[in-house]
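First up is the structure itself, then whatever we jot down about it.
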Amino acid sequence: MSPFEILLGRTLGIGVTIATALLAVGLVLALAAPGPAANLLLQIGLLVLMGTPMARVLLTCVEYVRERDWFFALNAAGVLVVLGITIWQAWRS
């Protein structure tokens, strides 16, 4: 495996692990003592979970730019914009 593939794998693993921990603690808190802290942890956990693929696309875009592969860099940037708009819309509602 290339160093870039290892970086992508670690990024996804760390993102999912952090999101899982936040969601688990938020769920336990929500069941034990419902309140704003539990809701905040659940929201942050969901944002981290949604942001994890976004981090992967960002890293991929940077790698394509570094390789000067403009077609795929622009496509990755487009996907990044769509993911960003989706997260922004989800946060607003």
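What trypsin sites (Lys or Arg not before Pro) does the chain have in DSSP loop regions with at most 12 other beta carbons within 10 Å?
Numbers: sites: Arg10, Arg56, Arg66, Arg68, Arg92; in loops: Arg68.
Sites meeting the loop and neighbour criteria: Arg68.
Please sort by residue number the GluC sites (Glu not before Pro) in the chain whose DSSP state is loop and whose Cβ has at most 15 other Cβ atoms within 10 Å.
Working: sites: Glu5, Glu63, Glu67; in loops: Glu67.
For GluC sites (Glu not before Pro) across the chain that sit outside H, G, I, E and B with at most 15 neighbouring Cβ atoms in 10 Å, the list reads Glu67.
How much mean residue ellipticity at 222 nm does the chain get from its helices, if each DSSP H run of length 4 or more adds -39500 (n - 2.57) and you divide by all residues, to the nearest 500 deg cm²/dmol?
Values: 3 runs with 84 residues, N = 93.
Computed ellipticity for the chain at 222 nm equals -32500 deg cm²/dmol.
Taking 0.36 nm per residue of separation and subtracting the Cα-Cα distance, what length does fully extending Leu59 through Phe4 add?
Once the chain is fully extended between Leu59 and Phe4, it gains 18.9 nm.
So if I take the centroid of the Cα atoms in segment 67-93 and the same for segment 1-62, what is the distance between those two points in Å?
18 Å
Using the scaling law 2.2 N^0.38 Å as the reference, what is the normalised Cα Rg of the chain? Before the final figure, lay out the partial values.
On the way: Rg = 16.2 Å, N = 93, 2.2 N^0.38 = 12.3 Å.
For the chain, the normalised Cα radius of gyration is 1.31.
Describe numerically, in nm with one decimal, the distance between label points set 7 Å from Cα along Cα→Cβ at Gln43 and at Val81.
The answer from the label model is 2.8 nm.
Values quoted throughout were computed directly from the atomic coordinates according to the rules given, and no laboratory measurement underlies them. For clarity, every value in this text was computed on a predicted model and none was experimentally measured. Counting neighbours? That spans all protein chains shown, and the Cβs are built from the backbone with ideal geometry, glycine included.
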